[in-house]
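Shown next, in C-alpha cells, is the structure this report addresses.
Taken together, the values in this text are just the output of simple stated rules run on the coordinates, not laboratory data. Please read these numbers as outputs of a predicted model, since none were measured by experiment. Positions of Cβ are backbone-derived with ideal geometry, glycine not excepted, and every protein chain shown enters the neighbour counts.
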Amino acid sequence: MKNKNSQGAQESPSRCPDNSAFKQQKLPAWKPKLTAPTVLSSFFTIGVFCLLVGICLILYARSVKEIQINYSDICLNCSKLRENSSNWDKECNCSVYFTLQENMLGDVFMYYRLQNFYQNHRRYVLSRSDAQLLGQDVNIQNSNCAPFTIYPNGTPMAPCGAIANSMFNDSIQLFYYLNSSTAIKVPLLKSGNSWWSDKNVKFRNPTSYNLSSAFAGTTRPPYWQKPAYLLDEEDERNNGYINDDFIIWMRVSAFPTFRNLYRHLRHTNQFADGLPAGNYTFHITYNFPVTKFKGEKQVVLSTSTWSGGSNLFLGIAYTVSGAVIVLAGFIITAIHLKLRKKKTYFQR
Amino acid sequence: MSGATSSADQAEAAARTIYLNQPQQSKFRDNRVSTAKYSVVTFLPRFLYEQIRKAANAFFLFIALLQQIPDVSPTGRYTTLVPLLFILTVAGIKEIIEDYVSIIYLIWETVGDIVKVTNGQHLPADMIIVSSSEPQAMCYIETSNLDGETNLKIRQGLTQTASLQSREDLMKVSGKIECEGPNRHLYDFIGNLRLDGQSPVPIGPDQILLRGAQLRNTQWVLGIVVYTGHDTKLMQNSTKAPLKRSNVEKVTNMQILVLFCILLVMALVSSVGALLWNRTHGEVIWYLEELYVNFGYNLLTFIILYNNLIPISLLVTLEVVKFTQALFINWDIDMYYQETDTPAMARTSNLNEELGQVKYLFSDKTGTLTCNIMNFKKCSIAGVTYGQLPPSTSESCEFDDPRLLQNIESDHPTAAHIQEFLTLLAVCHTVVPERDENTIIYQASSPDEGALVKGAKKLGYIFTGRTPHSVIIDAVSRACVVYSKMVGATRATLTHHCTNLGDSLGKENDIALIIDGQTLKYALSFEVRQCFLDLALSCKAVICCRVSPLQKSEIVDMVKKHVNAITLAIGDGANDVGMIQTAHVGVGISGNEGMQATNSSDYSIAQFSYLEKLLLVHGAWSYNRVTKCILYCFYKNVVLYIIELWFAFVNGFSGQILFERWCIGLYNVIFTALPPFTLGIFERSCTQDSMLRFPQLYKITQNADGFNTRVFWGHCINALIHSIILFWFPLKVLEHGNCFIISNYVVVTVCLKAGLETTAWTKFSHLAVWGSMLLWLVFFGVYSAIWPTIPIAPDMLGQVSFHAWIWERLVSVLSDCSPLAKHTYHKTLLEQVQELETKSKELGKAMLRDSNGKSLNERDHLLKRLGRKTPPSLFRAHSVQQGVPHGYAFSQEEHGVVSQSQVVRSYDTTKQRAGVE
C-alpha cells in the first residue's frame, strides 16, 4: 500500500535508495581462494603440523613415568569383605608391593582411579547442597540432597547428599624400602591438590569458635566413619568442608572411569628429586567397596598432571590424523595432476 | 485488513444515514488508512497468538511447561523459557519495526463533509456527486487504481443538486442521505437523497466517485463524503495477498518434523536404556539409593534433554534474515526507476528464496513485456517499407522518413494507398481527443492506438474530434474530412512478438506455441487439459493471446498443480491479479496501470527488466543464504544434542547434562546466534556481476541443489561425525578432572564450521565467527567466576582452564579437512566462477573476448563441465529468459461487456464544456 498522497507527489522526497556499499550489498569481502595450490598447501601444512604435535605428544607421554596398580584385585579379601555392608565397622588393611625400575624425577603425584563408578549419574550429581558447602546455615531439606538429608531422628547430615556420602575413604600410604628390612614412609602432601577457586571460594566451613562446634547439631553422613570436622585433624586449613580430599571428590567426574588426585610428593631427604628406583609398598586401609558394582580401584603414581599422564591416545590421534591428512594431500595431488593432463590432452 | 474487514463487511452492512450540514448522529470511521497489523492494545495478545500458532513455538512452550514439573527437567526450570522469551522478544521487535514501516496516512475528511476536487486529483474518499464544472453535473474519472482500466468513465450527479455550485448554496442545503453500509462491490451503490422539502431521489452507482479514482477532463467536482478510511470501496477491496509459503519453508517444516521424530527416537532409546541400566545396576549401586525408574517420567526427561535438537532460534533467525533480504531488495538502486521515482518493493519477505527457484515464468504482455509506451516507427504500405532500418539502435523513437510524404506529393503510384493508410490510422481507433488550449492531448485506452494516432498526426492527418457518429480529422490536402462509423483495427503486433520471443528463447529445436483465448477455452477443458499441458511444456515459449484474467490464473494453476516447479507470474494490470495471486511468486509492475497488480503482488518492480536482477541476484542469493542458514542451524543443534546422547551411554541413561545448563540454554540464542545471521544476510556465493553474467548459476538454486533431502542428511551426518569426534575423543583422553570443557570445543568447532560455510567474509562475518568465540570465552570466564555472588552456576566455578586448547586444534582440523578436500577435486560451476572471480576482477571480459590463450582454456573447461548442452553464446550477458527456460506470455484482453469503442463513441468532443466557475 504505497499510495501517494493526493497532493504531495512533487514535494515528497525521492524514494531513491542510498547508494551505500551496505545497502547495495557491495561490502568488501575476503573470499577464501580454494584453488589447488592453496588447498594442497593447507592440507600439507595441517597434516605436517598434526604429525609434529602428535609425535611431540607421544614423546612426552613416553617420558612420563607412571605406575598403575589395581588393588581391588590384589586385595581380594578386603574387596570380598566390603561387598557385604554389614561389615562396615571391620577394618581391612592391605599391602601392595611394587618395584620402581627407574627413578621418577620431578613432581610425583598419587591418584586413585575408579572404574565403573557413575559419578555422572543425574541423581548423584544433583544430590548436594552448595549452600551448605559454603558454610551457610541452610535447611538442607529444601536442597536436592535427598535421600541423604536427615536421619530419622531429625539430625541433619553434614555434608548432605549422595556425593558427599559416597566419598572415597580408603587411606593409602606409601613406604619406601631403604633396604630389604627397613621401610620409611614417603612424605606425601595431602593439601594443595585442589583448585584454588574450590578451596577458597566454593567451599567454606561454617563459622564458629572451633570446627567441632561449627558442626554441632549435625551428624556425619551414614557411610562416613568420622564426622567432617575430623577429616584432617592435623591441619586446620584442610579440615571440614575445605578438606582437599573432600573437595576433589565433590567435583564429580563426567565419565564413569576417572582418576582423582590424592597426594603429591613432598621433596625432602631421599625424595628431593622425586621417587628413587627401588622397592615400595602401598599400605591401604580398604574401606571403599567397588566389586559390588563390578568396579575396580587403582592407585596411580605419575609424574604428569595433565592430559591423562602417559595416555598415548592424544598423541596417536594426532599422528594418525596428521598422517591421514598428508596422505589425502598426496591423493588429491595425484588426482589433480591427472585431471590437468587430461584437460590439456582434450585441448589438442 | 483481511480478517477484520471481512467480518466488518457483515457486521456493518447496516444502512447508514448521513446528515447534510448537521452533526452526524452516528459515529463513522475516520479517514485514516493504516495497513498496520497491530495497535498498541491488540499487540500483545495478537502477537502471542500468532507466535504460539507456529508449531515450533508451541513445542518449545510445551517443553517450558514440562520443565515446571519438579524433578523431571535435567536442565532446571527456566532454560527453555528464557530463550523462548528472548526469541519472542526479537520476533516482537521485528514485527513492530515491520508494522511501523507500513504506511499510515491521513486526510481529514469526515462523513457528511462536502469536498471539492479539481482536475487530475485523486479522490480522497467515496463521495456522491453534488455538482461539477461540466453540464448536468457530469464528470470523468479514471479508475485504474481500482480496476486497472485506463479508460475514462462518466459519472453524473443528480439534477436536483446540479445547481448547488457556490459556497452559499451549499451552506443552505439541509437534508439527509440514506445509503447502504460499506461493502466491497465497486459497481453497486444503493441510496437515496432526501433534501428537506423535496421528495427523495434515488442514488445509484452513477453518482458515486470512489476513493483512488482520478478526476479527469473535469475542472472541478463537489461531492458529499459517504465512506471514509477503511470503509471506502478501495480499502474494502484491498485484500492482503494470500499467504504464500515458500518451497524451502515447506521442506524445512518437513525436516523439523524429521528431527522431531529423531528426537522421539532418541528419547525412547534413552528411556529404554535407562530401564535396562537400572535393571542391571540398580541393585548394586550402593552410592545411589532410591533409584526409582518411571518410564514415562524418564521419557519426558529425555525429551526435555534433547528438545533443542529442533533449533529454537531457527524461526526467528529466518524471519530476521528474510526481513533483511527484503530490505536489500527495496534498497537495490539497480531496481530503482528514476522516471517514476519507484524503487522495487518486497511486499512479503517469506518468498525471497522462492525467487531463486523459478522455473516457469508467466508474463503479461502489454505494459509488462512492452512498457506501454508506444511509438509509431515503421510502416509498410503497398509493399514499400518506410521508417528506420532495422540495425538502428539510436534512441530516437520518432518516425523519421521523408520518403513517405515525398511519395504523396510526387504522385507515386502508391500515393493513394499511402493516403488511405494514413486516413485509416487517424480514424480507426477509440482515442478521445482532449483540447488544452491549442494542443490536442489524446486519451487512449491502449497505448498502441495512441501511438498510431500520434504518428498520423505527425504526418499531417490530425485527429481533432469525435461525435457519436463521426470522426473529424484535419488532413494535409483537404481541410476537413468527416468519416462516419468505420470499423477496422489491426493487431499485427502479436506475430511480431512471437518471432521475437522465439529468437531469444528457441535455442535447440524449440518451438513456440501460440494460442488465443477462444481456443484456450477448449484446451483447458478437462479432457484435453493434460494433452495441452504436455504440448505446452514441450515448447520453449507459449503465447496466449486475448485471454481473460480467469484463464490466465487457470493456466498458472494448471502448471502449478501438474508440474512440480516454482512458477512466477508478472503483470501490471488488474487483469493480472488472478494469476499473480495464483502463482508461487507474483510480481507486479508498479507505476503504470494503477495499483491493483502491485497490491496483490509479492514483489513489485517498476520495469520488467528488473526481473533479471530480482531473480538472478536477489533470488539466487536469498536461496543460498536461507538454505545455508537453515542447514547451519540444524547442524549446530544436532552436534550439541547428539553429544548428549553419547553422554547418556556413559552416565547410565540418567539424563545428566554434559554441559552446564545455561551454557546449553544460551548456546542457541547467544553463543552461536550470530553466524547464522551473517550466513543469512551477508553470504555471497558470487558477485552480482557474475550472477548476471552466468545465468547458468541460477540452475543451481533452481534445481534445489543446495537444499534437499540429500543435503539435509549430509549435514546431519556431518554433525554426527563431529559429535563423535567431540565426545569420544576427549572421553578417551581426559580421564581425570571433568569434561564440561567439551562445550568449549563445541562452540569453537561450530563457529569454525560457520566460517567454512562462508564464502564471502565481510567484516560482519569476521565479527560473528570470531566474536562468538570471544563472547563464549568471556562468558565462560565471567560465568565461572561469579559463584557464589550470583548463585546460578556452582559447577562452573573455576572452570577456566587452557589445557583444552590443543584439543580444539585437533578437533577443528578434523572437521575442516573434508570440505577442503571436496573443493579441490570436485568443482562445481559455482566454485569455478568463484575461482575465476578471484583470478580477475574484471570477470569474463578478457576471458570472453580473447580468442586464444589461457582464458579460452578456462572458458572451455567451464563449458565442458556444466554447459554441456548450452552453446557459448549463453555467456553473453543476456536477458532473464535464459535463466528461466520456459515462458508464457499473455496479451491484454479486449474489454469485455461494454466495448471500449462503444464508450468512446458516446463522446462528443466538439461540444464546448462549461467553463470554470
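Between the helical axis of A:36-63 and the longest alpha-carbon principal axis of chain A there is an angle of about 10 degrees.
Rounded, prolate or oblate: which fits segment B:110-227 when a ≥ b ≥ c are the square roots of the eigenvalues of the alpha-carbon gyration tensor, with rounded for a/c under 1.5 and prolate only if a/b beats b/c? Oblate, since a/c reaches 1.5 and b/c is not below a/b. Structural descriptor for segment B:110-227: relative contact order 48 percent, calculated from alpha carbon pairs under 8 angstrom and at least 6 residues apart.
For segment B:607-623, backbone phi angles converted through the Karplus equation (6.51, -1.76, 1.60; θ = phi - 60°) give residue-by-residue couplings of 9, 4, 5, 5, 4, 4, 5, 4, 7, 5, 9, 5, x, 5, 4, 4, 4 Hz, Gly and Pro being listed as x.
Partner shielding of A:314-326 amounts to 3, given as the average count of beta-carbon atoms from other chains within 10 Å of each residue beta-carbon. Using C-alpha pairs below 8 Å separated by at least 6 residues, the relative contact order for segment B:572-720 is 25 percent. Here, chain A is characterised by an Rg to Rh ratio of 1.23, where Rg is the alpha-carbon radius of gyration and Rh the Kirkwood radius. Mean per-residue shielding of peptide A:253-264 is 4, counting Cβ atoms of other chains within 10 Å of each Cβ. Ranking of B:His429, B:His715, B:His412 by neighbouring Cβ atoms within 10 Å, starting from the fewest: B:His412, B:His715, B:His429. For segment A:121-160, the gyration tensor built on C-alpha atoms gives an oblate shape. Its axis ratio a/c (a ≥ b ≥ c) is at least 1.5, and a/b is not larger than b/c.
Each of A:Lys226, B:Lys540 has some number of other Cβ atoms within 10 Å of its Cβ, and from fewest to most they run A:Lys226, B:Lys540. Applying both filters, DSSP loop and at most 11 other Cβ atoms within 10 Å, to the chymotrypsin sites (Phe, Trp or Tyr not before Pro) of segment B:561-650 eliminates every site.
Legend: calculated FRET efficiency, B:Asn708 to B:Phe526, from the Cβ-Cβ distance at R0 = 25 Å, rounded to 0.05, equals 0.15.
For the residues of B:276-285, the average number of beta carbons from a partner chain within 10 Å of their own beta carbon is 3. An oblate overall shape is assigned to segment B:556-618, the ratio a/c of its alpha-carbon gyration tensor axes (a ≥ b ≥ c) being 1.5 or greater and a/b not exceeding b/c. Principal-axis analysis of the Cα atoms of chain A puts helix A:313-347 at an angle of about 20° to the longest axis.
Taking R0 as 22 Å, what's the FRET efficiency between B:Leu720 and B:Phe295 from their Cβ-Cβ distance, rounded to 0.05? E(calc), rounded to 0.05, equals 0.25.
Ranking of A:Lys202, B:Lys458 by neighbouring Cβ atoms within 10 Å, starting from the fewest: B:Lys458, A:Lys202. Note on B:Asp341 and B:Thr280: their simple-model spin labels are 7.8 nm apart, each label 7 Å out from Cα toward Cβ.
Annotation note: chymotrypsin sites (Phe, Trp or Tyr not before Pro) in segment B:176-224 located in DSSP loop regions with a Cβ neighbour count of at most 13 within 10 Å are B:Tyr187.
Put a dot 7 Å past the Cα of A:Gln101, heading toward its Cβ, do the same for A:Arg62, and the two dots end up 1.4 nm apart. Think of each Lys and Arg Cβ as +1 and each Asp and Glu Cβ as -1; about the Cα centre, that makes the dipole of chain A roughly 2700 debye. As a length-normalised measure over Cα pairs under 8 Å and 6 or more apart, the relative contact order of segment A:65-304 settles at 43 percent. Specify which residue in the list B:Gly296, B:Leu314, B:Leu195 is farthest towards the positive end of the charge dipole of segment B:194-335, using unit charges on the beta carbon of Lys, Arg (+1) and Asp, Glu (-1), about the Cα centre. Selected residue: B:Leu195.
Under a Gaussian network description of chain A, with springs only between Cα atoms under 10 Å, the residue in A:Phe49, A:Phe215, A:Phe148 that fluctuates furthest is A:Phe49. Note on segment B:422-466 and segment A:118-175: Cα centroid distance 100 Å, given to the nearest whole angstrom.
Of the peptides B:569-577, B:419-427, the ranking by mean beta-carbon count within 10 Å, highest at the top, reads B:569-577, B:419-427. Over segment A:177-254, the pair-distance histogram of Cα-Cα distances with 5 Å bins from zero comes to 3, 14, 21, 20, 16, 9, 7, 5, 4, 1, 0 percent, rounded to whole numbers. Distance between the modelled labels on A:Leu76 and B:Ile190, one decimal in nanometres: 10.6 nm (7 Å Cα→Cβ projection).
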